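Below is one structure, written out as structure tokens; comments come after it.
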Amino acid sequence: MLKLGTYEAWFDGEVIVPGETLEERLANLEAWDYQGIQFGRQTMELGWPAIKKALANSRVQLCIAGGGGGLLVADKEARRAAAERIKEVLYLTAEVGAVGALVVPIGRQLQLDPPAPPKTLYELEREILIEELARMAPTAEEVGAPVILEPLNRYETHFLQRLGQAAEVCRAVGSPGIKMMADFFHMNIEEADMGQAIEEVADCLAYVHLADSNRYQPGAGHLDFRPGLAALKRIGYDGFMTLECRIRGEDKGKALVETAQYIRKIWDEV
């Protein structure tokens, strides 16, 4: 079964899922054929007791319980602290039944001083990331919820831009507690063949984000979703595909329904 999720709100607070209360938003998603949600800041401010209560009364599942970064900052102790925060999130992830904890190792800004040759900055960052992930892997294995690496496009990070790069890190750690995700928006920029890129990381893939070429909902831009969805189907992917995008249109509910129909139609055809 194809499992669809969506962000609840965009990063600036723009509404994606309409509803006055969390309970109403969850009920709306259930009615609109969505099975998962990633919470926005407004809901997180309710606190976990209220969130857990709402989830317990809904068939909509929390996709990602949290995540983190800071694994590639210059200060070693700060890296250790970041790793400990992510480990705490993993316990919460398992408690609420989410897929995993999403981690972006580093954004646009360089954190480490470039090393002297022959080691490149990328090699140094990769080495440190593998070391930090290896420290978190036993916790992820214990709770049964993986750390999920997210590759970003070249305009958002200088490190881990393609699926294959993230998969190399996962395989180097060698733990089922360290996985990665594929984001159609970022892949559209970085991958020469989205379908092939997905098939080559099948052993590491745990999560998927969907967005069109313009960062609106699938169908609102010019991205061809067929090759990527066909590849996911071929590898037997059965995890969440979650909308990480703005929603174009005044009627967000209608747009979400149409987007679910659009993705499911392609999935049935490929």
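Nothing in this text is a laboratory measurement; each read-out follows from the coordinates by a stated rule. It should be emphasised that the depicted structure is a prediction, and the values quoted were computed from it without experimental measurement. Here Cβ is always computed from backbone atoms with ideal geometry, including for glycine, and neighbour counts include all displayed protein chains.
Residue under question is F225, and the condition is that it be surrounded by 17 or more Cβ atoms within 10 Å (Cβ to Cβ), within 13 Å of the chain's Cα centre (by Cα) and among the aromatic types (F, W, Y); does it hold?
Considered against the rule, which asks whether it is surrounded by 17 or more Cβ atoms within 10 Å (Cβ to Cβ), within 13 Å of the chain's Cα centre (by Cα) and among the aromatic types (F, W, Y), F225 comes out as no.
Being farther than 28 Å from L129 by Cα and in contact with a helix residue (DSSP H, G or I) (Cβ under 7 Å, 6 or more places away or on another chain) is true for just one of Q217, Q261. Which residue is that?
From the options Q217, Q261, the qualifying one is Q217.
Cβ-Cβ under 7 Å, sequence separation 6+ or interchain: first residue in region 253-270 and within 13 Å of Y34 (Cα to Cα), partner surrounded by fewer than 16 Cβ atoms within 10 Å (Cβ to Cβ) and of a type in the set (G, A, S). Which pairs?
A255/G249
If you take the residues of region 201-222 that are in contact (Cβ under 8 Å) with a residue 24 or more places away in the chain, closer than 17 Å to Q261 by Cα and small (G, A, S), which of them is surrounded by the most Cβ atoms within 10 Å (Cβ to Cβ)?
A211
Taking L55 as the residue in question, decide whether it is without any contact (Cβ under 8 Å) to a residue 60 or more places away in the chain, touching a strand residue (DSSP E or B) at 6+ places or on another chain (Cβ under 7 Å), under 30 Å from G107 (Cβ atoms) and surrounded by 13 or more Cβ atoms within 10 Å (Cβ to Cβ).
Yes: the conditions hold for L55.
What is the residue count in region 232-263 for residues that are assigned to a loop (DSSP other than H, G, I, E, B), of a type outside the set (A, V, I, L, M) and surrounded by fewer than 18 Cβ atoms within 10 Å (Cβ to Cβ)?
6
For region 47-87, how many residues meet the condition of being of a type in the set (D, E) and closer than 25 Å to R25 by Cβ?
Going through region 47-87 one residue at a time, the tally reaches 0.
Within region 188-199, does at least one residue satisfy the condition of being under 18 Å from G107 (Cα atoms), touching a residue at least 24 places away in the same chain (Cβ under 8 Å) and of a type outside the set (D, E)?
Scanning region 188-199 turns up at least one residue that is under 18 Å from G107 (Cα atoms), touching a residue at least 24 places away in the same chain (Cβ under 8 Å) and of a type outside the set (D, E).
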